[in-house]
Every structure is written in C-alpha cells, then in structure tokens.
Amino acid sequence: MKQHFQNLMDEEEATIDMTPMLDVVFIMLIFFIVTASFVKEAGIDVNRPEAATAVKKDRANILVAISAKGDIWINKRKVDVRAVQANIERLYAENPQGTVVIQADRKATTDVLIKVMDASRAAGIQDVSIAAQEP
C-alpha cells in the first residue's frame with residue numbers, strides 16, 4: 001500500500017504546470033495590442049493634387065478624406081462637417097501619438113478643407129498635413 005502511494009506521488013510531481021507560460025503569453029499579447037499603432041482609413045479614394053515637394057509621412061494615423069463634392073469621410077463613414085472635431089478627438093484619444101492627414105480631392109473646395117483643418121486643431125492636434133502625390 002505504501003508503495004502504491006509513493007508511485008502516485010511520483011506521477012503527480014512529473015506533471016508540467018502550463019499556467020505560468022500561458023500567463024506570460026497573454027501578457028505579451030496584451031502588451032503588443034496596446035502598443036500597436038492602428039491606421040484609421042478614410043473610406044474613399046480621392047484624386048489628390050500633385051506636388052513636387054510631396055514627402056511620405058510614416059506616422060499618419062488619422063486619415064480624413066474630402067471628396068470632389070465636399071463630402072467628408074473618416075474611418076469609412078461619411079461625417080457631417082459639424083461632427084469632424086468630435087470624431088478626430090475620439091480617434092486621437094485612442095492614439096495620442098497620431099497625426100491627421102487630410103486627403104482632399106483636387107476638385108474639393110478650400111472652404112471644406114479649412115473647416116477640417118480648424119476642427120483638427122480644435123481637437124488638439126497641431127500636426128495636420130494635406131496629402132498630395134508626386135508628379
């Protein structure tokens with residue numbers, strides 16, 4: 001009988017506890033999700049104007065598109081001009097290192113462009129760029 005209990009105790013000691021490894025994996029997963037940078041697409045393709053001095057911007061996280069008709073698109077949704085600031089504030093709260101890039105169609109009016117720029121600055125973002133393409 002004593003030998004039988006000794007064999008059972010040996011078997012219990014030989015098991016591998018996977019809990020600490022799973023804890024480490026989940027902590028790493030949470031770390032990478034929190035530190036990841038997500039780009040919020042505007043939702044439409046625009047015909048951007050050409051600029052000889054256009055420079056690629058790597059950390060553009062908040063994209064705002066203005067169509068030729070003056071429609072504003074943020075995060076694949078059409079947004080009213082009065083709601084632009086609230087949408088940008090929400091996206092900026094999700095990623096405080098983000099910058100705003102306005103993708104205005106070459107036929108869009110400057111009135112809408114200026115309103116979007118003002119809304120971006122009112123949301124607390126000073127780094128606002130206008131997208132262009134190289135000729």
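The values are calculated or read from the model by the stated rules, or taken from the named source; none is laboratory data. In this text the structure is predicted, and so the values were computed from the model without any measurement. For neighbour counting, all protein chains shown are included, and Cβ atoms are generated from backbone atoms with ideal geometry for every residue, glycine included. For accessibility, only protein heavy atoms count, side chains too; no ligands or nucleic acids. Shrake-Rupley method; radii C 1.70, N 1.55, O 1.52, S 1.80 Å.
Amide H to amide H, with H built 1.01 Å from N, A104 comes under 5 Å of I66, A131, counting only residues 5 or more places away or on other chains. The solvent-accessible area of T109, taken with every protein chain present and a 1.4 Å probe, is close to 80 Å².
For A86 and F32, FRET efficiency with R0 = 30 Å and r from the beta-carbon atoms, rounded to 0.05? Don't skip to the end; give the middle numbers.
Working: r = 29 Å, r/R0 = 0.97.
My answer for the efficiency is 0.55.
Accessible area of M21 (1.4 Å probe, protein heavy atoms only, ligands and nucleic acids ignored): about 100 Å².
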